[in-house]
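S.K.: The structure under discussion is supplied below as structure tokens; questions concerning it will follow.
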Amino acid sequence: MKYILIIFIGIQLFASNSETELFNKLFTILFQKNSVNIYTKKYSFLSNNLKIVNSCKKADLVLGELNCSKPKFLLNYYHFKKNKNAIGAFYWRKGRPQLKLRKQILQKYNLFISKNFEDYLE
Amino acid sequence: MKKIYYLFLILMLLLVSLSFIEIKSFNKTKQNIKKDILNELLLNVNSISKNISNYINKTYSLYDLKSNINTKNKVDSYLNSFLGHNYKNLFIVYPKKNSKFFTVLADGSNKDKFDFKETFEPLQKDKWQKLLTQKHQIYFKQNIKNIWMTYLYPVVANKKILYIIVIDFSTKPVTLVNNNLNIFKKNVIFFGGLIFIAIIVLMIFFIYDYKRQKKMSYLIEELKQLNDTLEEKIQEEVEKNRQKDKQLILQSRLALMGELLSMIAHQWRQPLNTIGSVVSNLKLDIMFGELDEKKIQDSITKIENLILHLSHTIDDFSNFYREDTTNDFKDVSIEKILNDTIDIILPSIHNNNVQLIKNIRYNKSIYIMPNRLKQVLLNLLKNSLDAIKEQKIKNPFIQIDIYKNQNIFIEVRDNAGGIPDEILDKIFDPYFSTKDAKNGTGIGLYMSKMIIEKLNGTLYVKNTKEGALFTIELREQNGN
């Protein structure tokens, strides 16, 4: 049981590290900044470049389904499907990670899209 | 010994080589089993995929499938019927043009179900790309440690992929067999190790035993040699003893000779004195002119008789001293033997005023070597006489009893006080004497005992109230 728990935590850490890496790369490119303020309730720390803030005002980006007018990046397929104003989403479907970006919304917020992420645009 | 070590080394090398071969063979078999099971699973998945494609192709048009959500729902239900614990996800996609995404057409899943036409980005895109290029079914592991595999089955028409059936299937049977084989391998290695250790222990024991046996055979050989030498040594010792006995006998005879000479001297003194006296009388008669023919004749007769007596004495001693041989066994009266012995020692007995008592209750002839018995009797009488003289006994006596009670008994007893108890069991030992060196050699009684035993008898001693009692017990023998 102890070993299963260790493996599970290990997988979770690995997964979350991959996510964090993706967020770090994506958000810094989108905002063209080395440091992006993120307003989220899901994470307490992401990376040195992604600073967690506790108010919508200070935020550049909202991560997750929170009430805030700033660009929203969602972490659930169904939320993403429902919220048409979200700039994109990252979620898991059948054990497979999925990244989606909405071109129109990104443009609306004047966010930059690099070639690396063009394939994920809708 | 070197051979054993080489054998041991070869056996070890053989065992190690065999172990390596066995491990290699086991691993190969394990891989084959895993491969076979996986092939079986793939066959099943392939068969399911074929059935699904056949059903869809026969039932629905591609257009319907791509555009009609009702068709999608029906296909979803159909796909759902295949799901079980071995099939986690079963969905149908088709590739989007110029995109890494695929569009989902149907999904049989119960949970986390794809929406109609939901775009989907697969993992391991290179595999999917390969599928698009080769248009041939493909399978791959979702990640290295995962039990789930993805099977992609492209449905092709006119060299064009119409859609792809995606099945996430479990490889748990392979994992289970692999785990069990690993347990089996561990057990085999454990028992193999035990056998290996047992063989090493056995070999060590064998070498130890071999060494021990070699040492033992060496010791046995040494013992054999010792035994061989021992026989020689025993013979040497026996020869030494024989020589010692000879020496003893010689000493004994010399001592006896001394005794006899002393006795002869004693016996001759009286006749010689008488002869001297006759000769002196003759001289006086010549001086006084009284010598006549009768006196001369009487003197000559007297001297002749005395010379004859002296001659007899010599003969007696000579006969006594002569050693018997085994041919000298003869029937002789015990009384005669006793009297012959007493004749020799009698002057000494009389000179010491010792009373000699004879109780002869058995006077038949016995078959014996008489001179040997005489020697023993003389020795016993002489010992009694010496003891009497030494103890200065008043009214001394020596008593001789001869009687028969099954065996013939000759007892010689005296009243000289006896032998001290502490030396009673030693008096028959050689060189043991209570007399001083001049008077005793310590071999008289030892020789007497030997002689009596040679005559098939027993000589023993005990103390009476008055003195010592020596008993000669003779078993009667037939003399033909």
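S.K.: Quick one: which bits of the stretch B:122-138 get at least 40 Å² less accessible when the partner protein chains are in, versus the chain alone, with a 1.4 Å probe?
M.R.: In the stretch B:122-138, residues shielded by partner chains: B:LEU123.
S.K.: Okay, moving on. If you roll a 1.4 Å probe over the heavy atoms of the protein chains, what accessible area per residue do you get for the stretch A:11-72, in Å²?
M.R.: 58 Å²
S.K.: How much length is gained if the chain between B:ASN80 and B:LYS465 is pulled fully straight, taking 0.36 nm per residue apart and subtracting their Cα-Cα distance, in nm to one decimal?
M.R.: Contour length minus Cα-Cα distance gives 125.2 nm.
S.K.: Hey, can you list the residues from the stretch B:92-119 whose accessible area shrinks by 50 Å² or more with all protein chains present, relative to the chain by itself (probe 1.4 Å, no ligands or nucleic acids)?
M.R.: At a threshold of 50 Å² (probe 1.4 Å), the residues of the stretch B:92-119 that become less exposed are B:LYS100, B:PHE101, B:ASP112, B:ASP115, B:GLU118.
S.K.: Using only the alpha-carbon atoms of chain B, report the extent along each of the three principal axes, biggest first, to the nearest angstrom.
M.R.: The Cα atoms of chain B stretch 202, 45, 44 Å along the principal axes, largest first.
S.K.: In addition: Testing the spin-label approximation: label points 7 Å from Cα along Cα→Cβ at B:SER365 and B:LYS172. State their distance in nm.
M.R.: Distance between label points: 12.6 nm.
S.K.: Counting only other chains, and only Cβ atoms inside 10 Å, what mean value do you get across the residues of A:94-101?
M.R.: 6
S.K.: Within the protein assembly as shown, what whole-number % of the accessible surface is contributed by carbon and sulfur, with the 1.4 Å probe and all protein chains included in the calculation?
M.R.: The nonpolar share, carbon plus sulfur, comes to 55 percent.
S.K.: Counting protein heavy atoms only and a 1.4 angstrom probe, how many square angstrom of accessible surface do chains B and A bury in total, to the nearest 100?
M.R.: The contact between A and B buries close to 1500 Å².
S.K.: Okay, next question. Just to verify a number: FRET efficiency for B:LEU43 and B:ILE195, C-beta to C-beta distance, R0 = 56 Å, to 0.05?
M.R.: So the FRET efficiency works out to roughly 0.90.
S.K.: In addition: For the stretch A:2-120, what is the largest minus smallest coordinate of the Cα atoms on each principal axis, given in angstrom and ordered from greatest to least?
M.R.: So the extents along the principal axes, rounded to whole Å, are 49, 29, 28.
S.K.: Gain in length, B:TYR210 to B:PHE288, computed as 0.36 nm per residue apart minus the alpha-carbon separation, to one decimal in nm?
M.R.: Numbers: separation 78, 0.36 × 78 = 28.08 nm, distance 11.25 nm.
In short, 16.8 nm is gained.
S.K.: I would also like to ask the following. Given contacts defined as C-alpha pairs under 8 Å and at least six residues apart, what's the relative contact order of chain B, whole-number percent?
M.R.: Details: 558 pairs, mean separation 40.0, N = 480.
It comes to 8 percent, rounded to a whole number.
S.K.: Based on the Cβ-Cβ distance of B:ASN179 and B:ILE220, what FRET efficiency does E = 1/(1 + (r/R0)^6) give at R0 = 51 Å, to the nearest 0.05?
M.R.: Efficiency for this residue pair is about 0.30.
S.K.: For the modelled label position 7 Å from the Cα of B:GLU22 along Cα-to-Cβ, which residues of the stretch B:155-192 have backbone nitrogen atoms closer than 14 Å?
M.R.: Inside the label zone: B:184-192.
S.K.: Can you give the average number of partner chain beta-carbon atoms within 10 Å of each beta-carbon in peptide B:307-315, as a whole number?
M.R.: On the way: counts 0, 0, 0, 0, 0, 0, 0, 0, 0.
Average per residue, whole number: 0.
S.K.: Work out how much length B:GLU473 to B:TYR63 would gain on full extension: take 0.36 nm times their residue separation and subtract the Cα-Cα distance, in nm to one decimal.
M.R.: Additional length available on full extension: 132.9 nm.
S.K.: Could you state the accessible area per residue of chain B in Å², with a 1.4 Å probe and every protein chain left in place?
M.R.: Result: 62 Å² of accessible area for each residue.
S.K.: Now a separate question. Step through the table entries B:LYS3/B:LYS211; A:LYS25/A:LYS82; A:LYS81/B:LYS141; A:LYS41/A:LYS115; B:LYS382/B:LYS449, compare each Cα-Cα distance with 21 Å, and write down the pairs that go over it.
M.R.: Values: B:LYS3/B:LYS211 13 Å; A:LYS25/A:LYS82 26 Å; A:LYS81/B:LYS141 30 Å; A:LYS41/A:LYS115 30 Å; B:LYS382/B:LYS449 15 Å.
A:LYS25/A:LYS82; A:LYS81/B:LYS141; A:LYS41/A:LYS115, as the Cα separations exceed 21 Å there.
S.K.: At q = 0.14 Å⁻¹, work out log10 I(q)/I(0) for the stretch B:172-244 with the Debye formula, treating every Cα as an identical point scatterer and leaving solvent out; two decimals please.
M.R.: -0.72
S.K.: Report the calculated FRET efficiency for A:ARG96 and B:LEU14 (r = Cβ-Cβ distance, R0 = 51 Å), to the nearest 0.05.
M.R.: Working from the Cβ atoms, E equals 0.40.
S.K.: Using the basic label-point model (7 angstrom from Cα toward the beta carbon), what is the B:HIS136 to B:ASP421 distance in nanometres?
M.R.: 12.4 nm
The values are calculated or read from the model by the stated rules, or taken from the named source; none is laboratory data. These numbers come from a predicted model, not from an experiment. As a convention, Cβ positions derive from the backbone with ideal geometry for all residues, glycine included, and neighbour counts pool all protein chains shown. Side chains are part of the model used for accessible areas, which takes the heavy atoms of the whole protein and leaves out ligands, DNA and RNA. Shrake-Rupley method; radii C 1.70, N 1.55, O 1.52, S 1.80 Å.
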